[in-house]
Amino acid sequence: MNMTNQETRLLHYLESNKKISPMEAWTELGIYRLSDVVFKLRNKNYEIETERKSVLNRFDEPCSFAEYKLL
């Protein structure tokens, strides 16, 4: 089961930090499409939970994103 560099970085991050959001993935790991990397890891039988979050952006507009956690 070969893993890409992004998959490896994400697994190590989740093991030490417990959860990650798309913004953290971009700034900390250089992963722009976090959901794609999570999808690939799930296909390799890693259990990753998705939690939906809702916040206001800097323009006070509601927006939502997924936060991922390794089980």
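The values are calculated or read from the model by the stated rules, or taken from the named source; none is laboratory data. Every value quoted in this text rests on a predicted model; they were computed, and no experiment measured them. When we count neighbours, we look across all protein chains shown, and the Cβ atoms used for this are built from the backbone with ideal geometry, even at glycine. Areas reflect the complete protein model, heavy atoms only, side chains present, ligands, DNA and RNA absent. Shrake-Rupley method; radii C 1.70, N 1.55, O 1.52, S 1.80 Å.
Counting only protein heavy atoms and using a 1.4 Å probe, the accessible area of R42 comes to about 90 Å². Computed over protein heavy atoms with a 1.4 angstrom probe, the accessible surface ordering of Y46, Y32, Y68, largest first, is Y32, Y46, Y68. Distance between the modelled labels on K53 and K19, one decimal in nanometres: 0.7 nm (7 Å Cα→Cβ projection). Relative to the longest principal axis of the Cα atoms of the chain, the long axis of helix 5-17 lies at roughly 70 degrees.
Counted by Cβ distance under 15 Å from G30, the other residues give a net charge of -2, where Lys and Arg count +1 and Asp and Glu count -1.
For I48, the residues 5 or more places off, or on other chains, whose built amide H falls under 5 Å of its own are L71.
Highest GNM mean-square fluctuation among L29, L11, L56, for the chain modelled with Cα contacts below 10 Å: L56. Counting only heavy atoms of the protein chains and using a 1.4 Å probe, T50 has close to 60 Å² of accessible surface. Between the Cα long axis of helix 34-43 and the first principal axis of the chain there is an angle of about 40°, rounded to the nearest 10. Just so you know, the Rg over Rh for segment 21-62 is 1.07, from Cα atoms, with Rh as the Kirkwood radius.
Compute the Cα gyration tensor for the chain, then decide on rounded, prolate or oblate, letting a ≥ b ≥ c be the square roots of its eigenvalues: rounded whenever a/c is under 1.5, prolate when a/b is larger than b/c in the other cases, and oblate in all that remain. Prolate shape, in that a/c is at least 1.5 and a/b is the bigger ratio. Element breakdown for the chain at a 1.4 angstrom probe: carbon and sulfur atoms account for 49% of the accessible area. Normalising the average separation of contacting C-alpha pairs (under 8 angstrom, six or more residues apart) by the number of residues puts the relative contact order of the chain at 34 percent.
Below 14 angstrom from the Cβ of R9, what's the summed charge of the other residues (Lys, Arg +1; Asp, Glu -1)?
-3
Residues with beta-carbon under 12 Å from that of F39, excluding F39: net charge, scoring Lys, Arg +1 and Asp, Glu -1?
With Lys, Arg at +1 and Asp, Glu at -1, the neighbours total +2.
For every helix of n ≥ 4 consecutive DSSP H residues, a contribution of -39,500 (n - 2.57) applies; sum these over the chain, divide by its total residues, and give [θ] at 222 nm rounded to the nearest 500 deg cm²/dmol. Before the final figure, lay out the partial values.
Values: 2 runs with 23 residues, N = 71.
Only helices count here, giving -10000 deg cm²/dmol.
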